[in-house]
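Peer 1: Have a look at this one.
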Amino acid sequence: MTRNPGFASFGIVAALSLLLPAGLSAQQPAAEEGRGRFAAIDLFVDSGKTPLAAYQVEFMATNGVVQIAGIEGGEAAAFKEPPAYDPKAMQRDRVVLAGFSTSKDAALPSGIVRIATVHIRVSGDRAPGFELRLHAAADSTGRRIAAKATYAERERP
Amino acid sequence: MQLPGDKCKEHDEALRAPERLVGALKRLPRERVFVPRTVDDAVLAAARRQLRPEAKSGRGWWRLVPWAVGGAAAVIIGLITLQPGRDTPHDPVAARLEDLNNDGVLDVLDAFALAREIEVGVSRSDSRDMNGDGRTDRADVEFLLAKAVRLEKGGRS
């Protein structure tokens with residue numbers, strides 16, 4: 001049995017490294033158990049009078065047990081497609097979203113623009129809290145503009 | 001204070017061999033048993049062969065190979081599993097090339113700048129080939145965008 005101890009140790013380590021991530025994923029919040037509720041959080045960027053051509057925001061849960069379940073595009077045609085995000089954000093509570101449009105000013109939205117909707121799953125009794133940070137916003141020339149990011153939980157029908 | 005050693009010594013002194021055994025031992029023949037020199041040499045040679053370190057014969061090094069393979073495999077599996085460096089590729093040259101608008105930050109505005117360059121057809125230089133596929137196209141924009149939204153250290157979950 002101990003003729004090739006190196007292979008034996010390799011086998012043990014390989015087995016452990018396969019089991020470790022499985023064990024970690026088994027410690028996910030209780031949302032996996034089927035309890036909890038779904039909610040949709042609309043994200044907005046207010047660009048004032050300037051047509052919004054590009055944005056990058058960071059959305060995160062600050063309270064409660066929250067898991068991001070899906071990302072949806074915005075309302076305006078320029079941002080209808082789902083924004084770019086890291087797939088690793090799914091099942092977590094933080095995501096960075098980015099989108100842009102190379103359309104002309106006339107086709108770009110301005111004012112309060114719904115850029116995306118984040119679908120979440122909330123577990124536990126604690127009311128969730130959220131934070132939305134604006135990383136960047138730009139006009140059609142790529143110049144940074146002053147803008148404000150806000151969010152609102154969509155009311156359930 | 002009595003130490004355990006003292007107790008053992010007293011115990012040893014209390015031991016007495018039976019008189020018959022002592023007498024029999026005293027009656028044993030006192031002359032030395034003759035062992036021929038050839039037998040002596042043969043026993044000595046056999047002992048040397050048995051006790052010779054295997055490293056000198058060259059076979060010892062090969063016995064370490066399974067251990068080395070196992071150890072290397074363990075390190076590789078550990079690196080892949082734990083992924084310590086996957087989220088922190090900091091190549092200063094690459095970072096400088098990716099920061100198209102020279103604001104010191106890689107974000108959506110760099111991807112937006114490249115998309116605009118490609119759209120008007122001014123960007124065909126090798127320095128804009130972000131993903132290293134030999135072309136400057138929409139895939140490079142997607143590459144930058146993916147980097148901009150990457151979660152460096154993962155969420156809080």
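Peer 1: I'm trying to understand the selection: among the residues of region A:111-121, which are closer than 25 Å to residue B:152 by Cβ and surrounded by 22 or more Cβ atoms within 10 Å (Cβ to Cβ)?
Peer 2: Just the residues of region A:111-121 that are closer than 25 Å to residue B:152 by Cβ, to begin with: A:115-121.
Of everything in region A:111-121, those that are closer than 25 Å to residue B:152 by Cβ and surrounded by 22 or more Cβ atoms within 10 Å (Cβ to Cβ) turn out to be A:115, A:116, A:118, A:120.
A quick yes/no check of all residues on (1) at the interface with chain A (Cβ under 8 Å from one of its Cβ atoms); (2) at pLDDT below 80; (3) closer than 30 Å to residue A:61 by Cα:
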residue	(1), (2), (3)
B:95	no, yes, yes
B:120	no, no, no
B:126	no, yes, no
B:147	no, no, yes
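Peer 1: What about residue B:70, is it at pLDDT below 90 and surrounded by 15 or more Cβ atoms within 10 Å (Cβ to Cβ)? Let's see the steps before the verdict.
Peer 2: On the way: at pLDDT below 90: yes; surrounded by 15 or more Cβ atoms within 10 Å (Cβ to Cβ): yes.
Here the answer is yes, as residue B:70 does meet what is asked.
Peer 1: Exactly one condition in (1) within 16 Å of residue A:150 (Cα to Cα); (2) within 14 Å of chain B (Cβ to nearest Cβ); (3) out of contact with any helix residue (DSSP H, G or I) (no Cβ under 8 Å at 6 or more places or on another chain); (4) at pLDDT 95 or above is not met by residue A:85; state its number.
Peer 2: Of the numbered conditions (1) within 16 Å of residue A:150 (Cα to Cα); (2) within 14 Å of chain B (Cβ to nearest Cβ); (3) out of contact with any helix residue (DSSP H, G or I) (no Cβ under 8 Å at 6 or more places or on another chain); (4) at pLDDT 95 or above, the odd one out for residue A:85 is (1).
Peer 1: From A:97, A:108, grab the single residue that is over 17 Å from the mean Cα position of the chain (by Cα), buried (at least 22 other Cβ atoms within 10 Å of the Cβ) and closer than 25 Å to residue B:110 by Cβ. Can you show your working first?
Peer 2: Working: A:97 fails: over 17 Å from the mean Cα position of the chain (by Cα).
Within the list A:97, A:108, the selection yields A:108.
Peer 1: Tell me, yes or no, whether region A:52-67 has at least one residue that is modelled with pLDDT of 90 or more, open to solvent by 10 Å² or more (accessible area, probe 1.4 Å), in contact with a strand residue (DSSP E or B) (Cβ under 8 Å, 6 or more places away or on another chain) and of a type in the set (Phe, Trp, Tyr).
Peer 2: no
Peer 1: So is residue A:103 within 12 Å of chain B (Cβ to nearest Cβ), within 25 Å of residue B:119 (Cα to Cα) and assigned to a loop (DSSP other than H, G, I, E, B) or not? Working first, answer last.
Peer 2: On the way: within 12 Å of chain B (Cβ to nearest Cβ): yes; within 25 Å of residue B:119 (Cα to Cα): yes; assigned to a loop (DSSP other than H, G, I, E, B): yes.
Yes, satisfied.
The values are calculated or read from the model by the stated rules, or taken from the named source; none is laboratory data. Since the structure is predicted, the reported quantities are computational estimates derived from the model, not experimental observations. FYI the Cβ positions are ideal-geometry reconstructions off the backbone, even for glycines, and counts take in every protein chain you see. Quick note on the areas: whole protein, heavy atoms, side chains included, nothing else; ligands and nucleic acids left out. Shrake-Rupley method; radii C 1.70, N 1.55, O 1.52, S 1.80 Å.
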